[in-house]
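What follows is a single structure, written as structure tokens, with notes after it.
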Amino acid sequence: MKNTVQKGFTLIELMITVAIIGILAAVALPAYQDYTIRAQVSEAFSISGGVQTAVAEFYAQRGTWPADTSADLGITGASGTYVSSVTLANDDATGVDVVATFGNNSNSKITGGTVTLRAGDAGDGNVTWTCSYDDTLVVKKYVPSSCI
């Protein structure tokens with residue numbers, strides 16, 4: 001009698017392997033998508049950082065809030081890969097808002113959403129910043145913990 005040695009995998013072994021890979025993919029893909037959206041949202045803070053500095057300098061020098069990024073601050077076309085625009089919304093009485101709007105190549109879950117950085121006077125001439133976001137599109141899990 002001749003003994004035959006098994007070479008390769010049985011069908012059940014292959015099916016179990018495919019099932020395990022499918023389960024891992026079902027868990028990993030949504031987590032990866034959330035990670036990429038968080039990275040896109042963080043771009044708003046990077047781009048807004050330059051505008052924040054310009055707003056703080058403007059306020060320190062003049063004692064008033066700027067009305068426009070291009071006319072008052074000399075900043076034109078503040079945008080990025082995922083952020084379509086960074087604009088100012090001025091309220092002379094209380095401060096100014098730096099508003100970053102998502103567009104361009106951003107994930108469809110956040111396209112059209114905004115992140116707002118509000119400048120205010122701390123009372124001693126220093127500028128303080130508070131963060132808010134459009135919670136209909138840019139939900140809590142996408143923004144940095146410093147903005148929550």
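Computed from the coordinates by the stated procedures, all read-outs in this text should not be read as laboratory data. Everything numeric in this text was worked out from a predicted model, so none of it was measured. Cβ coordinates were reconstructed from backbone atoms using ideal geometry, including for glycine residues, and neighbour counts include every protein chain displayed.
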Taking a cut-off of 23 Å, what percent of all Cα-Cα pairs in the stretch 11-147 are separated by more than that?
44 percent
Cβ-placed point charges (K, R +1; D, E -1), dipole of the stretch 1-73 about Cα centre in debye, nearest 20:
620 debye
With the chain treated as a Gaussian network of Cα nodes joined by springs under 10 Å, which of D97, D72, D124 yields the largest mean-square fluctuation?
D124
Extending each Cα 7 Å along its Cβ direction at I16 and A60, get the distance between those two points in nm, one decimal.
6.6 nm
Rounded to the nearest 20 debye, dipole of the chain from Cβ charges on Lys, Arg, Asp, Glu
1120 debye
Given contacts defined as C-alpha pairs under 8 Å and at least six residues apart, what's the relative contact order of the chain, whole-number percent?
17 percent
GNM flexibility winner over the chain from N107, N126, N90 (Cα, springs under 10 Å):
N126
Would you list which aspartates and glutamates come within 18 Å of K109, measuring only between C-alpha atoms, while excluding same-chain residues fewer than 8 positions from it?
D34, E43, D134, D135
Counting helices only, and only those DSSP H runs with n ≥ 4, report the 222 nm mean residue ellipticity of the chain as the sum of -39,500 (n - 2.57) divided by its residues, in deg cm²/dmol to the nearest 500.
-13000 deg cm²/dmol
Find me the longest stretch of the chain that has none of the exposed trypsin sites (Lys or Arg not before Pro), where exposed means in a DSSP loop (not H, G, I, E or B) with at most 14 other Cβ atoms within 10 Å.
8-148
The extension gain from T81 to K140, computed as 0.36 nm times the residue separation minus the Cα-Cα distance, is 19.1 nm
Per the charge dipole of the stretch 11-147 (beta-carbon charges, Lys/Arg positive, Asp/Glu negative, Cα centre), the residue among L117, V86, I37 reaching farthest to the positive end is I37
Of A67, L14, C147, whose Cα points farthest to the positive end of the dipole of the stretch 12-148 (charges on the beta-carbon: +1 Lys, Arg; -1 Asp, Glu; origin at the Cα centre)?
L14
The chain: angle of helix 11-62 to the longest principal axis, Cα-based, in degrees nearest 10
10 degrees
Say we join alpha carbon atoms closer than 10 Å with springs in a Gaussian network model of the chain; which of V41, V55, V127 then has the biggest fluctuation?
V127
